[in-house]
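The values are calculated or read from the model by the stated rules, or taken from the named source; none is laboratory data. Everything numeric in this text was worked out from a predicted model, so none of it was measured. Here Cβ is always computed from backbone atoms with ideal geometry, including for glycine, and neighbour counts include all displayed protein chains.
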C-alpha cells in the first residue's frame, strides 16, 4: 500500500504535465488558400452607336454599265439583348455612296446608288468577347439614273440580309466586320428616248466601331 501511493502521485504529475507542455508549444498558423474567382463574362447588353466604312459593289440591270464599285461611309444605332450565349437586337444604319468611280459609260443608260439605309434584326451567339451573328430586314435607298443628258433620282424600298462578327475591345468599345446583300428591285425612269427600267443589287462590306452606353 505504501508503494502504491507514490506511484499514483507520479501518475498524476505526468497527467498534469502534458497540458502544460502543450501550452508551451507555439500556435500553428492557419494557411488560407485564395478563393478562385471565375472571370466575369463579357456583357453585350444595351444601346450602342458607331461609325463604319467600307466598300459598295453595285450590280445593275437595264443599263450599259453593269457594275460600279465605291467607297462608303456611314453610322449605326442599335440595341442588344443578351440571354446567356444568345444575343439578339435591332440596328438602323445609313451609308453614303458616290465616293468612287465605275467604268466609263459606252452608250445607253447608266446608274449610281447615292445612299442606302437599313433597319435590320440581328441574332447570334457570343463566345465571351467574340460575337457572330446573322441579320435581315428592310432596306431603303436612292438610285440615280442618266441617259447621258438628263439625270433622275428615285428612292426605293427593298430588303437586306447578311452576317457579321464583332469583338469586344473594352467593356464599352467593340469592332465589327459585316457583309450586307441589298436588293432594291427595279425602277422605271422616263427619258427623251423612252422609258428605261433599272434594277440594282448591292454587296456591302463594312468595318466599324461601336460604343455601348
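Of everything in segment 86-103, what is surrounded by fewer than 14 Cβ atoms within 10 Å (Cβ to Cβ) and at pLDDT below 95? Give them in sequence order.
Passing the criteria: 99, 101, 103.
Taking segment 138-152 as the region of interest, how many residues are in a strand (DSSP E or B) and at pLDDT below 95?
So the answer is 8.
Which of the residues that make up segment 104-137 are out of contact with any strand residue (DSSP E or B) (no Cβ under 7 Å at 6 or more places or on another chain) and modelled with pLDDT under 95?
104, 105, 106, 107, 108
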